[in-house]
Amino acid sequence: MNDTVTDPHAEWTGRLSDYLDGELPPGERMAFDEHLRTCIGCRVMLDQLRAVKRRASTLRDRDPGPHVWAGIAERIGAPGIVINDGPDELAARRERRQIRFPWMRVAAAAAVLALGVGIGRYSNGVMTLPTKHVEAPAPGTPMNRDAYRVAVAQHLGRTEALLTSFRAEAASGQVDAQVGEWAGQMLSSTRLLLDSPAADDPRLRTLLEDLELVLAQIAALPRKADSNTTEVDLARRAVEEKQLLPRMQTLVPAGSPATTGES
Amino acid sequence: MAAAAGDGHAFARLYREHAGRIHSLARRMAGDGEADELTQDVFVRAWEKLRTFRGESAFGTWLHRLAVNLILARRQQASTRRARDAGDEALEWTPGRSAHPELAMDFETAIAKLPDGARQVFVLFDVEGYRHDEIAEMLGVSVGTSKSQLHRARMILREHLG
């Protein structure tokens, strides 16, 4: 049995990563967008690949054991030099180590400042992103409604990445402190979006309010969250019970330019 | 740079700053069993070549590229040896199981179990942020091969996200 002959998606499934990475030429990207509107299989697979990509970008570095430096020191003729990191130095160094992907550095302003890359608008309750360019509103003026929708789409895309990482780390039994910090940042931008006069869609408001509660739970996790599994479990269950990921994906369908993780 | 003039203490400070990233790169590219030795080799090579570092890029970038080249060269040598010794099936060799299972995370373990080519491209693209054209040059493959290996890796790894 040759699946490639009968599978109507075969033409696209092999190019999902190209699409996700922004490697498709504009014409093919538009055709793929069209395909995604009707193909739930490709949308699901695209979401899975996006989650893999995001998970990869959140992997933590791990310091080698002291014997590694000892071997180096011996070989470079400096055996007397000893590296003896105390916990404070290790923690400080981990703080200094930057996450390599800029989309991880989410701040409250990011959702608002990332305007002009496209427009979001609701159509039958689903957010779609047309191609027309929109200018950011002048400072001090009310936020343009379309720009608000773009900001929401980007915010939900980033929050989805956070919740995906949190869920994976919770399953592995250890939630990194940086996830909590990240949630704290997303919490600020969630409140910013809720307080906007443009936040008049009841379904979106409910989603943002639910997100705010869960983000607050994650942000409040102790730094060593593995030692407090009850709190981690409560947050994890809240994500599942409130069906946050499916609700976000319903509002912002897969493949929306604002959510592909590339800007 | 004091380390380039042979200051061991200055070099130790550079090591402290960059060892985690280099060791993690080596572990993901070559497996836990080889990561320590590769990390040592990278830093010894860096010590030897520090005089050639002209500051045209950040030291971390220079060191990272040196590490990628050294790790890939070692992997290539090992593959060639295994192919010669054990036949073509050895080309699909994957790194051994974690020497520190208590520290291994599910996703990291899944990465370690990827076939060599897919794992290298995945680590370089999705973890380290290199572009396909850079990866293709480093691995001596076409851009298309780099893209298809990345897709292959992601398709395998998606099964490991809860």
Problem set entry | For B:K147, A:K53, order by how many other beta-carbon atoms lie within 10 Å, fewest first | B:K147, A:K53
Exercise. What's the average, rounded to a whole number, of partner chain beta-carbon atoms within 10 Å of each residue's beta-carbon in A:76-83?
Worked result: 4
Seminar exercise, completed: Put in order of increasing Cβ neighbours within 10 Å, starting from the fewest, A:I72, B:I135 give B:I135, A:I72
Seminar exercise, completed: When A:S57, A:S165, A:S188 are arranged by how many other beta-carbons sit within 10 Å of their Cβ, fewest first, they go A:S188, A:S57, A:S165
Exercise. Can you flag which of B:K113/B:K147; A:K53/B:K49; A:K53/B:K113 are past 27 Å Cα-Cα?
Worked result: A:K53/B:K49
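No value in this document is a laboratory result; all are computed from the given coordinates. Keep in mind that what you see is a predicted model, and the values were worked out from it rather than measured. Virtual Cβ from ideal backbone geometry, glycine too; neighbours counted across all protein chains shown.
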